[in-house]
Amino acid sequence: MSSTITSRQMNPFDKILDKLCLTPAGFCGLALLFVLPFIPPFNQEYMLRWLIYCGLIAAMSVGFDLTAGYISIVNFGYAAVSGFGGYSSALLVINMGLSPWIAMIAGGMTAGFIGLIIGMISLRLRGIFAACLSWFFGLAIMGLTIKLVWLTRGQLGLRTPRLFETDSNVPFYFLIITLLFFIYLACKWIVRSKMGLAFQAIGQNMDAARTSGINPVYYRVMNFTISCAIAGVLGGFYAHFYGILTPDMMHTSKTVEILAVAYIGGRGSLWGGAVIAFPFIFLMEIVRSTLSNLPGLNLVIYALVLILVMIYYPGGFSYFYDTNIRKPKNKALRYFFNGRA
Amino acid sequence: MSNNYGSKFLSWIKSAAGLSIVVTIVVAVVASIASGPYLLVNTVVTGGMLALVATGLTLMLGVLNIPMFAHGEFFMIGSLAAFYVFTPISNYTNENPDSIIVVFGPLIAMAASTIIGAISGIIAEKLVFGPLRRRSTDDWVMNSFLLTVGLSVLLINLHQLVFGADFKGIVGYWSGMPISIYDVFISRDRVMAFMIAAVIVVLFWFFMTYTRTGMAIRAVSQDITGAQIVGIDIEKIVLLTISLACALSAVAGGSLLFMYPSYPTVGLEPLYMAWFVVILSGLGNVLGAVAGAFIVALLKVITVEYIGAGWDFVIPSALIMFILIFKPSGIFGSDVRGALDK
């Protein structure tokens, strides 16, 4: 976003919004998310559980989009990396008695380390090869998790302590929304910085980027590390929210779920996936729970939406928003959708 | 003259392709001497099936630049079709054990799975890939990849929705005593599955190498514009390729129904394995895919034998990653970078 007005002319509110990378519309959306658990249909516990799941997928899709949308490599082992973070966090808590909060961060760091490895070994590969390599890596991690029964209890599932000692889902909901916001903010700041420019240059044309003096090794590995660290922290949240970890959370279908949300939201926008995850995943959960005599129907709809979006609207929701909603005639509305920047 | 061939052979041995094939053969022989010849039989049967799925995948990649993620689902379609065709046939043969259907019934089921696989491939092209090809502007490879991801999820869940999630399997195609070769008993189904795979792969290779249509397909895979200039109807070739690729996958599913009963996610394992093969052997190389299929099958069988079941994703994928680090274009691949690298 190029700023046409210099920062001197902006009032403090706009300045803060700009630093937070939010438009007034985005700010309202965030505020809505924070009051949502008190609005009647959503204040029931099972609805909150769905909303937490929405928030988790939204945050994952932001981290995923940092790789897929900016350096154009689909990290197909994303769920596995996240699961790795979750498992390492859970194991740290169980075996070493760490507090879940610190363990979550440690999980993020170990997942970031995995991202470093994936980034290093996929350096010579491009496009679909790199996607396949990260996929195989994910499969290997998942296979290890299933087979190292003495450590992870395999398919039986690992019981983990929860972050808050309550039965209520409300604190978890606020935590995931905060996490989502900070992840978004971190990614957006990275994207706005010089590093983000380098990411885009690498994503569009690697050879041209190299010619203009960008070191693709450093930036690609950096990107993988950051994006995987985000996945790891979220995996830690998953572990300490649901209280049970199974290797299923590393399955490729989970990556597909994140990927679908990120792409329907619009690649390269960061916010698209986060916005679309809430209505989309929520509706899917409603379909799944109300039509439970038709198992798999929600995933059929899921896949159909993904296919239709890929064929007819590959830009996703963020492209639709940018072209159709963002430029209304009304000045106040325009401010609402764009902010001052 | 013989010296010339000898030096050529030596240099081939030293290349990555020769080295890996020789190592594979040596490992296969040593392992089957150490643990029994059934290892070799398993490798050959699994490899034959994998060769079918992987050649289809390679064809899609080479000709259409579609990294097919839904290929396993055509395997599933094939096994489903074979199940629903073979069940009435086996009911009939149970009542009339002397009829000629006993011998040919399974073949009918496999033929049906092939045809249904081809038809579903054509439907997929008409409904999904065709519209994308007409509308796609850039980044075709990644977009089509994500499209096939969606297709895969769709087909898996449609299967679950329409036919249920239970296992739809059969006891066996051909009943009767297993065939024994040097004290190794191999069930007739396995022998036939391998024979069918071998016949189809050979026919397919023949088709690709010597017929005009096969040459046209190869021409399109090398250069679409060039192929168009010399008067090849691209649309027809594309349709043919997709139906061929899907039929290859489906016939693998149909002929292995006795090993893999049909259930929604039956296609995932062949899909993973086929992707291992394709990445290992380099993209768009049909003969390489056949060789790679046996290498991966051997890897899998050896892993299951010596390390244990369940490790067969970990070890092969780790090894393939290791190979990819040193040889990014695969063992049999050329170093030319194409559209797939973008």
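The values are calculated or read from the model by the stated rules, or taken from the named source; none is laboratory data. This one's a predicted model, so the numbers in the text were calculated from it and none came from an experiment. Positions of Cβ are backbone-derived with ideal geometry, glycine not excepted, and every protein chain shown enters the neighbour counts. These area figures cover heavy atoms from the full protein model, side chains too; ligands, DNA and RNA do not enter into them. Shrake-Rupley method; radii C 1.70, N 1.55, O 1.52, S 1.80 Å.
Quick notes on this structure:
- Among the residues making up the stretch B:79-114, those that are surrounded by fewer than 21 Cβ atoms within 10 Å (Cβ to Cβ), among the polar types (S, T, N, Q) and either in contact with a helix residue (DSSP H, G or I) (Cβ under 8 Å, 6 or more places away or on another chain) or at pLDDT below 85 (or both) are B:Ser90, B:Asn91, B:Thr93, B:Asn94, B:Asn96, B:Ser99.
- For the stretch B:115-132, a residue qualifies if it is facing chain A (nearest Cβ under 10 Å) and more than 20 Å from B:Val53 (Cα to Cα), and the qualifying residues are B:Leu127, B:Val128, B:Gly130, B:Pro131, B:Leu132.
- Scan the stretch B:320-330 for residues that are surrounded by 18 or more Cβ atoms within 10 Å (Cβ to Cβ) and either closer than 19 Å to A:Lys147 by Cα or among the β-branched types (Val, Ile, Thr) (or both) and the total you get is 1.
- Output for the stretch B:202-233, where each listed residue is open to solvent by less than 90 Å² (accessible area, probe 1.4 Å), hydroxyl-bearing (Ser, Thr, Tyr) and more than 20 Å from B:Leu61 (Cα to Cα): B:Thr211
- Filtered by the rule that a residue be more than 7 Å from chain B (Cβ to nearest Cβ) and surrounded by fewer than 22 Cβ atoms within 10 Å (Cβ to Cβ), the stretch A:132-159 gives A:Leu148, A:Val149, A:Trp150, A:Leu151, A:Thr152, A:Arg153, A:Gly154, A:Gln155, A:Leu156, A:Gly157, A:Leu158, A:Arg159.
- Helices (runs of 4 or more DSSP H) within the stretch A:55-154 that include 3 or more residues farther than 19 Å from A:Ala239 by Cβ: A:100-121, A:127-147
- Among (1) within 14 Å of chain A (Cβ to nearest Cβ); (2) of a type in the set (A, V, I, L, M); (3) touching a strand residue (DSSP E or B) at 6+ places or on another chain (Cβ under 6 Å), the one test that B:Ile186 misses: (1)
- Screening A:Leu148 against (1) free of Cβ contacts under 8 Å to residues at least 60 places away in the same chain; (2) farther than 28 Å from A:Pro247 by Cβ leaves a single unmet condition, (2).
- Some residue of the stretch B:292-299 being away from every other protein chain (no Cβ under 14 Å), over 14 Å from the mean Cα position of the chain (by Cα) and either modelled with pLDDT of 85 or more or over 28 Å from B:Gly169 (Cα atoms) (or both): yes
- Qualifying residue in the stretch B:43-65 (condition: open to solvent by 30 Å² or more (accessible area, probe 1.4 Å), under 19 Å from B:Val251 (Cα atoms) and either within 14 Å of chain A (Cβ to nearest Cβ) or not hydroxyl-bearing (Ser, Thr, Tyr) (or both)): yes
- Hits in the stretch A:309-319 (condition: surrounded by 15 or more Cβ atoms within 10 Å (Cβ to Cβ) and either outside any helix (DSSP H, G or I) or without any contact (Cβ under 8 Å) to a residue 12 or more places away in the chain (or both)): A:Ile311, A:Pro314, A:Gly315
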